[in-house]
1. Yes or no: Lys70 open to solvent by less than 30 Å² (accessible area, probe 1.4 Å) and farther than 16 Å from Ile186 by Cα?
2. Could you check the range 91-133 and list, in sequence order, the residues that are touching a residue at least 24 places away in the same chain (Cβ under 8 Å) and of a type in the set (A, V, I, L, M)?
3. Do any strands (runs of 3 or more DSSP E) entirely within the range 98-199 hold 1 or more residues that are at pLDDT 85 or above and within 28 Å of Lys44 (Cβ to Cβ), and if so, which?
4. Looking at Gly56 and the list (1) within 23 Å of Tyr180 (Cα to Cα); (2) within 15 Å of the chain's Cα centre (by Cα); (3) outside any strand (DSSP E or B), which single condition is not satisfied?
5. Of everything in the range 31-50, what is aliphatic (A, V, I, L, M) and more than 22 Å from Thr15 (Cα to Cα)? Give them in sequence order.
Amino acid sequence: MAGFLKARNKLMLFTDGDYVESNDKRSIVALKENAARIELRNTKSIQVIDYKLDKGIIPEKDKADKDFFKCDHIVECLNDDDKIVYAVELKGEDVPHALEQLTSTVKLLFEPDYRKNCKPFLKVCNNSEIEALKGKMIRLRAVSPKPGSNMRKDNGKKRSATHNVKYAKEGELRQACIRYKINFDIDSIVVKTGHSENI
């Protein structure tokens, strides 16, 4: 049994610790904070690990890392062939800041120079597993009770749901996503509270 656990932990993006909220094959992984919530449906009964990133892997009290924005959760889904990783930020109405937090999380995952300056994150991450994620399936979600209306026409052009408040933050996230081949369709990233999807 110990050998199995050791082998399983080698697959984890982060070493085991009290920031692991769950590590099992539960049918629904429910993430919620205040008014924001999302459900990930584990229809294939695969191993799913929910890591608490903000106030977990990166503790709030760590003043040395106060400049590191980070999303609330990283959820790692392990199947026989590959892994899917969610980075989820649960937010009120401040969607621009949620996008900023997702951008910073992408940098923590994929930019070694950025990562090495965040000691709590660097201490627990499995660098080889994280490096193997490049070009793989990463799903970003900013969950908000009021994410904004869907894509709409404005002066004959389509704009993103929250274009009026976050052009700069959206641009930064797009650049990070393009660099590491992550889906950067803002209207698939910003979802309304109560959203659920199959892993």
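1. In short, yes.
2. If the condition is that a residue be touching a residue at least 24 places away in the same chain (Cβ under 8 Å) and of a type in the set (A, V, I, L, M), then Val95, Ala98, Leu99, Leu102, Val106, Leu108, Leu109, Val124, Ile130, Leu133 are the ones that fit.
3. Per the criteria, 137-144, 190-192, 195-198.
4. All conditions pass for Gly56, except number (1).
5. Matches in the range 31-50: Ala35, Ala36, Ile38, Leu40.
The values are calculated or read from the model by the stated rules, or taken from the named source; none is laboratory data. Because the structure is predicted, anything quoted here is derived from the model rather than measured. For neighbour counting, all protein chains shown are included, and Cβ atoms are generated from backbone atoms with ideal geometry for every residue, glycine included. Remember, those area values only see protein heavy atoms, side chains included, never the ligands or the DNA or RNA. Shrake-Rupley method; radii C 1.70, N 1.55, O 1.52, S 1.80 Å.
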